[in-house]
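The values are calculated or read from the model by the stated rules, or taken from the named source; none is laboratory data. Since this is a predicted model, take the numbers as computed values, not measurements. Note that we place each Cβ from the backbone using ideal geometry, even for glycine, and neighbour counts take in every protein chain shown. For accessibility, only protein heavy atoms count, side chains too; no ligands or nucleic acids. Shrake-Rupley method; radii C 1.70, N 1.55, O 1.52, S 1.80 Å.
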Amino acid sequence: MTTLTTEPHVTQTFPIKDTIWCAGCGHFSVLNALDGSFGRLGIDGKDALVVAGIGCSGTIQNHVPAYGYHALHGRALPSAAGAKMANPELTVIAAGGDGDGLAIGGGHLMHTFRNNPSIAYIIMNNSTYGLTKGQASPTSQGGFRGFAAREQVDPVMLGLSIPATTFLARSYSGDGDQLEQLTDAAIRHANAGRGFAFLEVISPCVAYNDRYHEWPAHLVDVARTPGYDPRDRAGVFTQLLSWDEEGRVPTGLLFLNEDAPLADAAGPAQQDVDPASNREAYRKVLASFQA
Amino acid sequence: MTTIDAPRYTARHIDDLNMICSGQGGDGSLTVTTVLADLLRRDGLHVYTERDVLSRIKGGYAAASLRASAPERHAMGDHLEVVVAFEEQGVRRAIPRLAHDAVVVFDSSEGNLPEGLLPDGARLLAAPMGRYAVRDLGRTLYKNMIATGIVTRALGIPDDEVRDALRTRFKRLGQPILGYNLQALDLGFGAAEDLQVGEGLYNVTQTHGSERIQLTGNEALAFGFLVAGGRFFTGYPITPATDILDWLQKWLPQFGGIARQAEDELAAINMAIGAALTGVRSMTGTSGPGLALMQEGVSQAGSGEIPLVIVDTQRSGPSTGMPTKPEQSDINLMCFGGNGDFPRIVVAPGSVQDCFEIGIQATNLAEQFQIPVYVAMDQGTCQNLATIEPFDLDSIEIDRGKRLTQEQVDALGRYDRYAITSDGVSPYTVPGTAHGMSLVTGNERYPDGTVTTNPGNRRVMVAKRDRKLETAVRGGHLPSSVLWGDAEAEIGVIGVGGAFGPILEALERLEARGIAVAYHQPRTIWPVPRDTVEFINSRRRVFVAELNSAAQLAKLFIREGADPAKIQHVLRFDGEPMRPNDIVGPIASYCGQQ
């Protein structure tokens with residue numbers, strides 16, 4: 001008896017090329033965590049869309065074996081929300097930098113919290129515009145390029161102030177294990193249809209705002225904070241404000257609302273519409289115009 | 001109590017009734033014309049309406065116009081047979097357009113019209129409608145139904161038909177509102193008796209066998225998108241595009257579709273793009289100021305080769321301009337806006353029927369060629385109501401272009417999202433397809449989607465994208481031009497959108513005066529159709545009628561080879577719709593007639 005084996009045919013598509021990032025860039029950790037999450041969560045790349053913004057972070061989709069979309073500057077969130085609305089069966093992950101998500105795209109963040117689409121959003125926060133050579137961003141620390149001490153935007157606090165928010169997390173590219181866990185948790189939250197999963201990753205820019213040496217002293221992991229309850233919104237508010245006063249930056253799963261009703265998925269929107277099978281229904285629409 | 005201004009009248013038989021009802025915003029003028037439109041449409045007449053409002057919820061001069069005619073009309077006529085005015089200003093504004101025997105229904109609550117204001121022959125039916133409404137029904141608002149009662153008596157419409165129309169129209173309001181409106185109507189009938197209107201002042205022709213439908217251009221366009229398989233729409237409220245969002249929010253969910261209000265136009269166009277990436281036929285709609293914001297998205301769709309329909313219901317600019325007034329001043333923005341060079345198509349419906357057909361075509365074109373397709377409307381085309389024959393739903397075709405199925409992808413050795421092809425269009429996949437993964441980007445890229453600035457690749461990619469329009473033109477895929485009037489005439493006229501109806505009517509009047517004119521109606525304005533340029537260059541004189549001050553349309557044709565010496569501009573940009581006489585006048589004087 002002979003056994004014939006044939007290699008499964010696989011159509012070649014885009015090659016995974018080298019990144020444009022500098023050696024030591026925090027974004028490598030984000031990519032590593034995201035890339036690994038597909039395997040850990042059993043997501044087939046053909047059913048996933050990674051939407052990235054513009055900037056150094058806006059190239060991450062080129063290195064993940066999934067469908068990739070390079071959105072306009074600041075528009076990763078509405079693009080991702082549109083894709084998810086149209087096809088809720090997809091895993092939709094938006095990613096981008098702090099300038100992309102909090103400056104030019106800042107308006108969309110508030111409305112994405114509010115609308116609560118089931119997408120994961122990873123904001124790779126290096127507190128500068130790296131690709132255009134080091135200008136200040138909305139999260140730059142006091143003293144950076146003339147930035148005042150209290151000019152920063154904290155997207156987690158913004159999210160906390162919006163009642164519809166369901167998932168807020170922060171991680172650090174220097175802590176690979178935590179980053180993997182939170183990336184998985186964010187994607188799981190979104191894929192369970194529980195709504196918008198927001199993950200900020202402190203991802204230092206080694207070229208223009210290298211603060212790796214400073215961060216460890218400021219970070220506090222809420223998983224190691226006794227009594228911290230991410231489901232207690234008022235408690236989280238109080239604790240985060242208090243850490244902020246002390247100059248400490250909390251990481252981990254900061255806020256979680258799993259009691260919210262599952263996000264409304266109206267779709268999927270039909271892709272293949274057959275005019276013949278819809279004809280009678282269209283006639284009813286036509287009749288609505290009759291006198 | 002009431003004034004009798006003339007002895008009993010003799011009814012004049014007409015088949016073309018033009019009416020305006022005006023007052024302060026919130027006086028209910030639009031409702032008067034809506035009820036009249038319902039009644040006259042039942043008589044088998046074609047009904048056309050226009051609104052003239054200010055951008056505010058209440059107050060300010062507001063008017064609604066209605067034309068009911070045996071032949072189909074796409075614009076208001078030059079003369080008004082019936083004027084309903086809740087204040088003197090409305091009468092004064094209407095005087096220049098009064099028919100020789102016009103009926104003027106006037107609310108004299110604040111006093112009578114000055115002696116001698118109305119020309120001889122005009123017939124005044126004055127009653128203190130506002131005061132009656134307050135006295136008997138406690139609210140001044142019901143004066144509009146008193147006016148309706150007087151007008152329907154003047155038109156000889158049986159009282160019971162009017163009551164029926166009200167019951168149908170106001171069913172949703174329920175009691176007691178419907179009852180108050182019916183009482184107000186009776187007050188109107190009573191006032192008409194006092195005014196000795198008798199059997200009516202006009203006798204409007206009835207025609208019959210009406211299967212006709214009544215809808216606006218916005219509704220027809222949205223319906224066209226729906227039947228073309230469009231299943232995703234996003235918009236941000238803006239006059240006069242909001243009706244499209246409203247209509248699609250009502251109907252799309254019933255057909256497995258989604259229509260959403262976005263937080264701004266930037267989000268609207270990018271959400272529509274996101275949906276398009278999943279393979280759903282997607283559209284966004286806006287007007288001038290919103291379109292300015294959307295330019296980044298149009299350029300993105302052009303570069304990234306993403307199918308997208310963008311509706312621009314043009315209104316008076318620049319900037320916020322005159323938001324409720326018609327204009328065609330975004331032509332340059334649609335044809336040339338957006339950073340960089342990229343192919344786009346701009347189509348321009350004229351009639352409500354066109355809006356439906358072109359809605360289908362635009363949706364197909366966007367996917368066939370994977371490009372942004374603009375539908376150039378204007379406040380007139382999109383909001384004015386017309387009564388027309390029902391649309392043909394039996395011959396709708398959907399062209400998915402080069403969308404690859406799983407089997408087709410599996411048969412490929414290699415899949416490149418931006419493969420170089422002879423027609424400029426690359427086969428494409430959508431998420432969910434195995435081994436069809438792609439990188440879609442607005443950056444320049446190699447065929448495999450990876451970003452590059454390689455000069456040789458750049459030249460090839462730009463040429464590839466440019467070939468799409470050549471393919472579309474060569475294959476006859478774009479909405480074709482229509483020739484009206486006398487094809488052999490030496491004098492021509494061109495106009496789109498809100499100029500369409502007035503031009504058609506101007507043609508009839510000119511013909512009656514012995515002047516032969518050919519009307520070329522382009523339904524694609526970018527790329528400029530070759531037959532448009534040839535039409536201009538083969539005539540002695542061509543009048544290009546458009547609603548803007550810079551002659552954007554005519555200059556577009558000149559740029560593409562039309563002879564400027566042949567063109568005479570007819571420009572209107574005062575916020576008023578174009579009228580047939582705007583076209584008749586210049587052509588008649590060119591021909592030596594006054």
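Couple of notes before you dig in:
- log₁₀ of I(q)/I(0) at q = 0.11, 0.18 Å⁻¹ - the range A:132-286, Debye sum with one point per alpha carbon: -0.55, -1.16
- What the Cβ-Cβ distance of A:Arg150 and B:Leu293 gives, at R0 = 45 Å and to the nearest 0.05, is a FRET efficiency of 0.90.
- For chain B, the residue among B:Pro237, B:Pro479, B:Ser303 whose Cα projects farthest onto the positive side of the dipole built from Cβ charges is B:Ser303.
- B:His79-B:Asp563 pseudo-label distance in nm [points 7 Å out on the Cα-to-Cβ vector]: 4.0 nm
- Carbon + sulfur, % of accessible area of the range A:55-122 - ligands and nucleic acids excluded, 1.4 Å: 59 percent
- Using the Cβ-Cβ distance between B:Glu389 and B:Val460 with R0 set to 35 Å, the FRET efficiency works out to roughly 0.10.
- Whether the range B:427-477 is rounded, prolate or oblate, judged on the alpha carbon gyration tensor where a/c under 1.5 counts as rounded: oblate
- For B:277-290, mean number of other protein chain Cβ atoms within 10 Å: 4
- For the range B:445-501 and the range A:46-107, distance of Cα centres in Å: 31 Å
- In a simple Cβ point-charge model (Lys, Arg +1; Asp, Glu -1; nothing else charged), the range B:368-444 has a dipole of about 420 debye relative to its Cα centre.
- Each stretch of four or more DSSP H residues adds -39500 (n - 2.57); spread over every residue of chain B, this sum gives -11000 deg cm²/dmol at 222 nm.
- Shape call, the range A:144-216: gyration tensor on alpha carbons, a/c limit 1.5: oblate
- Counting, for every residue in B:225-235, the Cβ atoms of other protein chains within 10 Å of its Cβ and taking the mean gives 4.
- Centre separation in Å (Cα based) which lies between the range A:244-291 and the range B:357-374: 24 Å
- Whole-number D in µm² s⁻¹ for the protein assembly as shown, Kirkwood Cα-pair radius fed into Stokes-Einstein, 10 °C, 1.306 mPa s: 53 µm²/s
- The protein assembly as shown - accessible surface per residue (Å², probe 1.4 Å): 38 Å²
- Distance distribution note for chain A: the fraction of Cα pairs above 31 angstrom is 32%.
- Simple spin-label estimate for B:Gln254 and A:Gln141 in nanometres, 7 Å along Cα-Cβ: 6.0 nm
- Ordered from highest to lowest accessible area with the whole protein assembly present and a 1.4 Å probe, B:Leu385, A:Leu254 read as B:Leu385, A:Leu254.
- Residues of the range A:144-158 with amide N under 17 Å of a point placed 7 Å along Cα→Cβ from A:Ala217: A:144
- Efficiency of FRET from Cβ geometry, A:Glu246 and A:Ile16, R₀ 56 Å, rounded to 0.05: 0.85
- Taking Lys and Arg as +1 and Asp and Glu as -1, the other residues whose beta-carbon sits under 14 Å from that of A:Gly24 total 0.
- In this assembly, the A-B interface accounts for approximately 5500 Å² of buried accessible surface in total, computed with a 1.4 Å probe and without ligands, DNA or RNA.
- Long hydrophobic helices in chain B: none of the complete DSSP H runs spans 27 Å or more by Cα along its own axis with mean Kyte-Doolittle hydropathy of at least 1.0.
- Kyte-Doolittle mean at least -1.0 and Cα axial length at least 30 Å: DSSP H helices in chain A: none
- Carbon + sulfur, % of accessible area of the range B:383-453 - ligands and nucleic acids excluded, 1.4 Å: 52 percent
- For peptides B:65-75, B:93-103, sequence by mean Cβ density within 10 Å, most packed first: B:65-75, B:93-103
- Karplus 3J(HN,Hα) series, Hz, for the range A:127-143 with 6.51 cos²θ - 1.76 cosθ + 1.60 (x for Gly, Pro): 6, 6, 8, x, 5, 9, 6, x, 6, 6, 10, x, 10, 4, 6, x, x
- Sparse-neighbourhood loop sites, GluC sites (Glu not before Pro) in the range B:465-507 - DSSP loop, at most 14 other Cβ within 10 angstrom: B:Glu488, B:Glu490
- Long-range Cα-Cα pairs in the range B:198-288 (distance over 23 Å), rounded percent: 34 percent
- D_trans [Stokes-Einstein, Kirkwood Rh over alpha-carbon pairs] for chain B, 20 °C, 1.002 mPa s, µm² s⁻¹: 83 µm²/s
- When the inverse distances between all different Cα atoms of the range B:1-141 are averaged and flipped, the Kirkwood radius reads 15.7 angstrom.
- At least 50 Å² of accessible area lost relative to the chain alone, listed for the range A:103-132 with a 1.4 Å probe: A:His108
- Pairs beyond 29 Å (Cα-Cα), from A:Lys17/B:Lys464; A:Lys284/B:Lys325; B:Lys171/B:Lys325: A:Lys284/B:Lys325; B:Lys171/B:Lys325
- Accessible carbon and sulfur surface of the range B:121-221 relative to its total accessible area, %, 1.4 Å: 46 percent
- Distance between the modelled labels on B:Asp15 and B:Gln261, one decimal in nanometres: 4.6 nm (7 Å Cα→Cβ projection).
- For the protein assembly as shown, size of Cβ-based charge dipole, Lys and Arg +1, Asp and Glu -1, in debye: 620 debye
- Under 13 Å, Cβ to Cβ, from A:Glu89 - net charge with Lys/Arg +1 and Asp/Glu -1: 0
- Amide H contacts under 5 Å for B:Arg523, placed H, 5+ residues apart: B:Ser481, B:Val482
- Dipole of chain B, positive end: most advanced residue of B:Cys591, B:Val409, B:Val134 [Cβ charges, Cα centre]: B:Val409
- The range B:314-444: C-alpha gyration tensor shape, a/c 1.5 cut-off, then a/b vs b/c: oblate
- Cα-only Debye scattering, the range B:452-594: base-10 log of I(q)/I(0) at q = 0.14 Å⁻¹: -0.66
- Each peptide among A:167-178, A:224-235, B:129-140 gets the average number of other Cβ atoms lying within 10 Å of its residues, and from highest to lowest they stand as A:167-178, B:129-140, A:224-235.
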